[in-house]
Amino acid sequence: MDFYIRQGATDPILKMRLIDDGKNDKSSFNELLENSEITFEMVDTKTGIPFILNAPCSIALRTKKYNQTTDEYYIIYRFTELQTSETGKFEGKFIIQFTDSDQNNTTKLIVPIRDKLYINVI
């Protein structure tokens, strides 16, 4: 998956939809997601040098009005002008750190799972 942004820009916002693959109990996954810490990392594909590490992300819920069981969650990240100051191709990852009811870290999930996310600063 490719995302394009102009050099020095803060828009568009990077938004990734979390897909329900049917393997998890959706209600418990949604509860875990709402109590998790989500960060973003971006690495230069040529050099392997990290460009962004542990940048906080937000999560948004889109409720579909015609079917109450198909709520969609999106991870959202807004770049700063400094983060888009250099042109190039970067690999991006969202890290979701789930916590239990006592706020102890449990499972870590790296998104996207199937396809790599490439950020192209042009």
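Across region 1-43, the number of residues qualifying as surrounded by fewer than 12 Cβ atoms within 10 Å (Cβ to Cβ), at pLDDT 85 or above and over 14 Å from the mean Cα position of the chain (by Cα) comes to 2.
Cβ-Cβ contacts under 8 Å between residues 6 or more apart (or on different chains), taken from a first residue in region 33-54 that is touching a residue at least 40 places away in the same chain (Cβ under 8 Å) to a second residue that is part of a loop (DSSP other than H, G, I, E, B) and aliphatic (A, V, I, L, M), are listed as VAL43/ILE49. One residue is enough: does region 94-113 have a residue meeting the conditions assigned to a strand (DSSP E or B), touching a helix residue (DSSP H, G or I) at 6+ places or on another chain (Cβ under 8 Å) and within 20 Å of PRO50 (Cα to Cα)? Yes: region 94-113 contains one or more residues that are assigned to a strand (DSSP E or B), touching a helix residue (DSSP H, G or I) at 6+ places or on another chain (Cβ under 8 Å) and within 20 Å of PRO50 (Cα to Cα).
Which one is surrounded by the most Cβ atoms within 10 Å (Cβ to Cβ) among residues in region 83-122 that are at pLDDT 85 or above and of a type in the set (Ser, Thr, Tyr)? Per the stated criteria, the residue is THR84.
On the given criteria, is GLN83 touching a Lys or Arg at 6+ places or on another chain (Cβ under 6 Å) and either farther than 17 Å from ILE5 by Cβ or in a loop (DSSP other than H, G, I, E, B) (or both)? No, not satisfied.
The values are calculated or read from the model by the stated rules, or taken from the named source; none is laboratory data. Quick caveat: nothing in here was measured; it's all calculated off a predicted structure. Positions of Cβ are backbone-derived with ideal geometry, glycine not excepted, and every protein chain shown enters the neighbour counts.
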